[in-house]
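Everything below concerns the one structure shown next.
Read the figures in this text as sums done on the coordinates, not as results from a lab. Please read these numbers as outputs of a predicted model, since none were measured by experiment. Cβ coordinates were reconstructed from backbone atoms using ideal geometry, including for glycine residues, and neighbour counts include every protein chain displayed.
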Amino acid sequence: MAKNIQSLERAAAMLRLLAGGERRLGLSDISSALGLAKGTAHGILRTLQLEGFVEQDAASGRYQLGAELLRLGNSYLDVHELRARALVWTDDLARSSGESVHLGVLHQHGVLIVHHVFRPDDSRQVLEVGAMQPLHSTALGKVLSAYDPVAHSEVMEAERRSFTGRTVTAADDFEAMLDLVRAQGWAADAEETWEGVAAVAAPVHDRRRMPVGAVAVTGAVERVAPGGALRPELIAAVRDCARAVSRDLGAGRF
């Protein structure tokens, strides 16, 4: 019988540990929980970090799961309830809007894209599943920051980098923008992250009425927001899609 490889067993144990309980753990927490010397634990964490399976918070030094696990887990995504419930509705949204549709969740102080429906034309496009987007400047991120207390805490504690001249970074201005998002039920990004790109997003809730993600339509600013104003029919379509996914998750009517 072949022997198990101890280093792989330890790495797997670390990933399981990071997947449960607290969102982030320090080196001492990990080494103590697994009964490993700090040097041994650090070496394994360093390898996992280099491969993208683990990420380390620069400020606290604590570790958490990395987005690379999602890139390898497409088979998991197929049965992930949020994505599964959103498949039909996001396909319909892309078809009716003529634009790309993204489904995002909170992860690593940002938005992790867990589903992407291509714009229904013949243009060359890149699949963005597994990509990360900033919380403070994207429509998806603003929605999560407005409705998810954890996302709100993370975005207010982090540095809000200016990507374009339109990015809102000041704390008071950003809080005011989140108040508006909550009041209207949707968020926009008009060239605040990428020049020439605009988006509109709405929140998805689960059966407990908790925010579990957000759905967005993204496209060229001249199509999504011609003349500087978002197309009302796009806003309505995104909100309808988010409500439909929420209902399928058991949230009832919103």
³J(HN,Hα), Karplus 6.51/-1.76/1.60, whole Hz, each residue of region 142-152, x for Gly, Pro: 5, 4, 5, 5, 6, 10, 9, x, 5, 4, 4
Under 5 Å, built H, 5+ apart or other chain: amide partners of V197: E191, V221
Rel. contact order, % - alpha carbon contacts under 8 angstrom, at least six apart, the chain: 14
GNM result for the chain, Cα springs below 10 Å: residue of T138, T218, T169 fluctuating most strongly: T169
Global size of region 6-65 as Cα Rg and Dmax, reported in angstrom: 10.1, 31
Most mobile listed residue (A151, A12, A139) in the chain, GNM with C-alpha springs under 10 Å: A12
Placed amide H near R62: partners under 5 Å, 5+ positions off or other chain: D57
Sequence-distant residues sharing a close amide H with H107 (under 5 Å, placed H): L112
FRET E, pair H152, R223, Förster distance 35 Å, beta-carbon r, rounded to 0.05: 0.70
Per-selection Rg to Rh, region 74-249 - Cα, Kirkwood hydrodynamic radius: 0.93
